[in-house]
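J.: Quick one: the structure is below, questions incoming.
Values quoted throughout were computed directly from the atomic coordinates according to the rules given, and no laboratory measurement underlies them. Keep in mind the model is a prediction, meaning the values are calculated, not measured. Quick reminder, even Gly has a Cβ in these numbers, built from the backbone with ideal geometry, and neighbours come from all protein chains shown.
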Amino acid sequence: MSNENPFSLTRASDLKDQQIAEFWVDPESLLFNRLRPQSQLPMFILGGKGSGKTHIMRYLSYAIQRIVFTEKDSVREYGYLGVYLRASGLNGNRFKGKGFTDEEWEKVFVYHSELWLGRELCNTISTYLEDIGQIDLLDNRVLMDNIIKLLDYDDVSIEKFDDLVDHLENRRRDLDLKINNMSFSRELKLNIDLTVGFLFRLANVVSACIPCLKNTQFTILIDEYENLTEMQQRHFNTLVREREGSVSFKIGARLYGVKTWRTNSAQEELKLDSEYERINLDEMLRKDSSKYRDFARSLTLDKISKAFDKPVKDISLDDIFPVIKGSEFNTDRRPWLDSLRNDLGKYSLRIDSLNVTSPQRINEIIENIAHHDALIEKTNCFLLYRAWSKNSDLLQLSIEIKESAVIYSADFSKPSLHHTALDKFRSDLVDQMKRDLNIPLLNSGVDKWIDMSNGIIRNYLTILKNIFDGANDCGESDLLNVGISERAQTMGVEDSCQWFLDDATVLGDSEGIVKQSLSSICHLLEQLRFSKKPSECSLSTFSVDLSTMIPSARDCIDQAYKWSLLIPQNSRYDRNSSIKIAQFRVNGMVAPIYNLPLYTRGQITLTSEESNVIFSGVADKDYLNLVKKRVKRCNPPFELSKQPKKSEDELF
């Protein structure tokens, strides 16, 4: 059996064209139809790192479409010709400094980008016509005469379309050489022979002179937009606004990647929905979790099928990645019961309303709480702590809890205190028991990893990659038949979570602040979740009032969102919108590090003071006091109303 890891390559930029085509999975054409590559309205495709932007945009290009559709003309079929370019290829940082003004550099960049776009469009047109056997159409004299009219010079001989391609490429290379040498020459003598909009006019001429391209949309797919400076993005925004005829744009960027929406048209901003549309890939994939799960499972099956040369129908993901249930708590150790006894003895004897008047009374309560079923017993403890927090009669409540346990043991579905508690807090109580017994909190099984990925497909593929690597390290070979062990799965998930944190590098000086703030909020949630009486179930979500936060704390949350460390729970999160109260969930790739749940139900609301302290990026005395104060409400003695202390003699 092959030892190849089917998930060894997780970055689309590392894949060859053939691999982009082979690994494409789009159930019901969800992505293709939503992105509408043949649409005239430009689109900005935003998503977190690893959300699949590059794979999607490369797939839409003609370079990939010609591989996918060998039996039909994809351009005629879908009505567009896709030209894929990576903005990083411009190496935008070259266009600044070296003794020249920003205005001078802007002219150089505009000229360079016109050469770049024009050359790539010509190349793609030439490839397409050659593929369909109509390359001779480029020798059309009318076509060449009209193209020559677009050029602002007459000292170069351009007789054929290939001459134009070579000319544009040579001009670009010559310009690159001059830019690279400017640090030494301190001069840049240019003969700018193209004006802004050459791309549009070129496309219009081609459409008019080549019949098979008459009604074709030329879709320029610009990826990695975040690599451009604000000035450079402003130029491309202007092209988006002033596009002409048959040219449109799809621009891909990370969530933080658009530095400006302004154009060079009187510094006006692009108008959403009228001049461009915007989609958030992360939100789109999260919006319909069932379709995302189908997509991720289909992708997994496809990769395993190709790697192991086995039909998809003969592969069972649930057999390869078995769900590990963990211990059934068949142990004589009951640390939660011992902890309850200690808490009662330490805190309750001094408070009359609790009706715990002596050590003998404590024994009575413990006898009522004890149960042969570990989970029911743990639930008994939780119910008693909850009554304690309400200053209730603990002896009476222990009797009622014992009666409820009998009802629940006989019929799980019958209404009872236990039915209500376990309906909400089961996963929390089980995880508390595991921690008490030093049992690892496992996240196993394909569906759980899909949920961990939070709509970012690279996160999911990285988990699978690390799990396969873990199986290889453990000497496991017959993976399709025997499955991957608990040890390998655990290693893979742990490595993936750490990779995610290490890989989520925030630009500039804010990296340390964001990561410390993330650690602070996660630590608080963890402390609350593993308290004696969690205030909320399945806690990995918090809400904040953005309007009351100091700017630096809001910036920190915004950075964490843009790097997908925090997942907004509002339908749309926009810092600049009218939204004041915003909800965020800890990313599923981070949650396991802090033993937080993947599936959230409850949430805590942070005050403005708490929000500013937590998202300051400093774990100082103020933060420690904040945690202590919050957690104190969920552990004995629960900040009960103060009562006169009894003397030692009165306790017994």
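J.: Tell me, what does the Kirkwood hydrodynamic radius of the stretch 507-635 come to in angstroms if you use every pair of distinct C-alpha atoms?
T.: One over the average 1/r among Cα pairs gives 14.6 Å for the stretch 507-635.
J.: Then there's this: Sort 57-69, 407-419, 541-553 for me by packing, meaning the mean count of neighbouring Cβ atoms within 10 Å per residue, highest on top.
T.: The peptides rank, most packed first, as 57-69, 541-553, 407-419.
J.: All other residues with a Cβ under 11 Å from the Cβ of Gly470 taken together, and with Lys, Arg as +1 and Asp, Glu as -1, what is their net charge? Spell out each step's value before the answer.
T.: On the way: positive: Lys465, Arg487; negative: Asp469, Asp473, Glu476, Glu486, Glu494, Asp495.
Spelling it out: positives minus negatives among the neighbours equals -4.
J.: Using amide H atoms built 1.01 Å from N in the peptide plane, name the residues 5+ places from Phe218, or on other chains, whose amide H lies under 5 Å from its own.
T.: It is Leu81, Val247, Ser248, by chain and number.
J.: Next question, about the same structure. Take the Cα gyration tensor of the stretch 40-282, multiply each eigenvalue by 5, square-root it, and list the three semi-axes largest first, rounded to whole angstrom.
T.: 27, 25, 16
J.: For the stretch 439-567, just the Cα set please: Rg and Dmax, both in angstrom.
T.: 17.5, 57
J.: I would also like to ask the following. For the chain, what is the largest minus smallest coordinate of the Cα atoms on each principal axis, given in angstrom and ordered from greatest to least?
T.: Answer, in whole Å and largest first: 110, 57, 43 Å.
J.: By count of other Cβ within 10 Å, fewest leading, how are Glu367, Glu400, Glu536 ordered?
T.: Glu367, Glu400, Glu536
J.: With an 8 Å cut-off on Cα pairs and a minimum separation of 6 or more residues, tell me the relative contact order of the stretch 40-282 in percent.
T.: Once divided by the residue count of the stretch 40-282, the mean separation gives 36 percent.
J.: Pull up the cross-link candidates among the lysines for Lys149, meaning alpha carbon to alpha carbon under 27 Å and not fewer than 8 places away within one chain.
T.: Within the straight-line limit of under 27 Å, Lys149 reaches these lysines: Lys107, Lys160, Lys178, Lys189, Lys214.
J.: Further question on the same structure: Eight or more residues apart or on different chains, and alpha-carbon atoms under 22 Å: count the Lys pairs in the stretch 335-436 matching that.
T.: The result is 13.
J.: Contact order normalised by length for the stretch 507-635, with contacts defined as Cα pairs under 8 Å and 6 or more residues apart; what percent is it?
T.: The normalised contact order for the stretch 507-635 reaches 41 percent.
J.: A further question follows. Give the aspartates and glutamates whose C-alpha is closer than 16 Å to that of Lys72, dropping any in the same chain fewer than 8 places away, or say none.
T.: The qualifying aspartates and glutamates are Glu130, Asp131.
J.: Let me ask something else. Quickly estimate the mean residue ellipticity at 222 nm for the chain, helices only: each DSSP H run with n ≥ 4 gives -39500 (n - 2.57), and the total goes over all residues, rounded to 500.
T.: After summing the helix terms and dividing by residue count, I get -15500 deg cm²/dmol.
J.: Using the Cα gyration tensor of the stretch 335-436, with a ≥ b ≥ c the square roots of its eigenvalues, what is the shape: rounded (a/c below 1.5), prolate (a/b larger than b/c) or oblate (neither)? Spell out each step's value before the answer.
T.: On the way: a/c = 1.88, a/b = 1.49, b/c = 1.26.
Prolate.
J.: Given an 8 Å cut-off on Cα distances and at least 6 residues of separation, report the relative contact order of the chain as a percent.
T.: For the chain, the relative contact order is 15 percent.
J.: Let me ask something additional. Between beta-carbons, use under 15 Å as the cut-off and find the net charge around Leu340, counting Lys and Arg +1, Asp and Glu -1.
T.: Summing Lys/Arg as +1 and Asp/Glu as -1 gives +4.
J.: Near Lys562, which lysines are there with a Cα under 16 Å away, not counting those fewer than 8 places off in the same chain?
T.: Of all the lysines, those that pass the test against Lys562 - Cα under 16 Å, at least 8 places apart if same chain - are Lys49, Lys53, Lys259, Lys515.
J.: Roughly what would the spin-label model give for Arg11 and Leu151, points 7 Å off Cα along C-beta, in nm?
T.: Taking the two extended label points, one gets 3.8 nm.
J.: Can I ask one more? Give me, ordered by chain and number, the residues 5 or more places off Ile550 or on other chains with an amide H under 5 Å from its own placed amide H.
T.: Long-range HN contacts for Ile550: none found.
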